[in-house]
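The values are calculated or read from the model by the stated rules, or taken from the named source; none is laboratory data. It should be emphasised that the depicted structure is a prediction, and the values quoted were computed from it without experimental measurement. Counting neighbours? That spans all protein chains shown, and the Cβs are built from the backbone with ideal geometry, glycine included.
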Amino acid sequence: MSPPHVLLIDDHAMFRSGLRLVISSAMAEAVIHEAGSLQEAIDATPDRLDVVLLDIHLRGLSGLEGLALLKRKWPRVPVMMVSSQSDPETVHLALARGAAGFVSKAETADQIVQAICKVLEGTIAEGLPPAIKSPSARSLTPRQCEVLDLLNQGLSNKVMARRLSLSDNTVRRHVQDILEFFNVGSRAEAVATARQQRLIG
């Protein structure tokens with residue numbers, strides 16, 4: 001089995017160094033890449049990755065906002081959110097945006113490593129409330145998150161299609177899927193529900 005390639009994205013170099021040490025101690029064969037921002041990660045990292053550890057609170061584009069970018073570059077690579085916040089709302093928000101798991105920075109080294117191993121094995125990270133950690137829990141796709149953000153801006157399907165370089169029919173299908181996801185009947189209701197769930201600002 002080839003060694004896992006792990007990407008750490010955090011704007012605090014000291015935390016990255018500490019996390020690298022934790023992972024290296026438990027997984028000596030792991031190849032660890034580091035980036036201080038989402039842009040640096042997308043520009044400078046190799047194509048081969050097995051898991052991404054992404055800090056939620058990054059300077060500039062936040063981890064939550066950048067999830068869709070990472071999923072577009074590495075659609076099959078699981079992204080685990082790392083945060084000093086671990087309240088249920090933050091966890092729900094991360095998972096709804098497409099994160100494969102969530103781990104608090106307050107966890108012990110062993111717990112963090114266990115969470116990484118779980119994601120590498122294809123299961124969701126431990127330590128989540130039971131209602132959240134089911135692997136079958138539905139979430140929006142990265143593209144649906146983009147459409148949702150544009151819906152929040154009040155843009156028409158035609159304008160969204162131009163903005164995202166998609167066909168009108170594709171955008172229409174994404175909008176319908178979003179309505180079904182929130183179990184609502186209109187775009188305005190979808191936006192209102194997404195705001196209540198803090199999926200959009």
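Do you know which residues across the range 67-120 are buried (at least 17 other Cβ atoms within 10 Å of the Cβ) and of a type in the set (K, R)?
K71, R97, K105, K118
Can you name the condition, by its number, that V52 falls short on among (1) of a type outside the set (K, R); (2) at pLDDT below 90; (3) touching a Pro at 6+ places or on another chain (Cβ under 8 Å)?
(2)
Being modelled with pLDDT of 85 or more and small (G, A, S): is that true of A109 here? Working first, answer last.
Values: modelled with pLDDT of 85 or more: no; small (G, A, S): yes.
Spelling it out, it is not the case that A109 is modelled with pLDDT of 85 or more and small (G, A, S).
For the range 45-66, which positions are in contact with a strand residue (DSSP E or B) (Cβ under 6 Å, 6 or more places away or on another chain) and not in a strand (DSSP E or B)? Let's see the steps before the verdict.
Narrowing the range 45-66 to residues in contact with a strand residue (DSSP E or B) (Cβ under 6 Å, 6 or more places away or on another chain): 45, 48-56, 63.
If the condition is that a residue be in contact with a strand residue (DSSP E or B) (Cβ under 6 Å, 6 or more places away or on another chain) and not in a strand (DSSP E or B), then T45, R48, L49, D50, I56, G63 are the ones that fit.
Hey, can you tell me all the residues within the range 79-102 that are in a strand (DSSP E or B) and touching a residue at least 40 places away in the same chain (Cβ under 8 Å)?
In the first step, residues of the range 79-102 are kept if they are in a strand (DSSP E or B); the result is 79-83, 101-102.
Those that are in a strand (DSSP E or B) and touching a residue at least 40 places away in the same chain (Cβ under 8 Å): M80, V82.
Testing A68 on (1) at pLDDT below 85; (2) closer than 20 Å to E107 by Cβ, one condition comes back false. Which one is that?
For A68, the exception is condition (2).
Of everything in the range 1-20, what is over 15 Å from I56 (Cβ atoms) and surrounded by fewer than 17 Cβ atoms within 10 Å (Cβ to Cβ)? Give them in sequence order.
M1, S2, P3, A13, M14, S17, G18, R20
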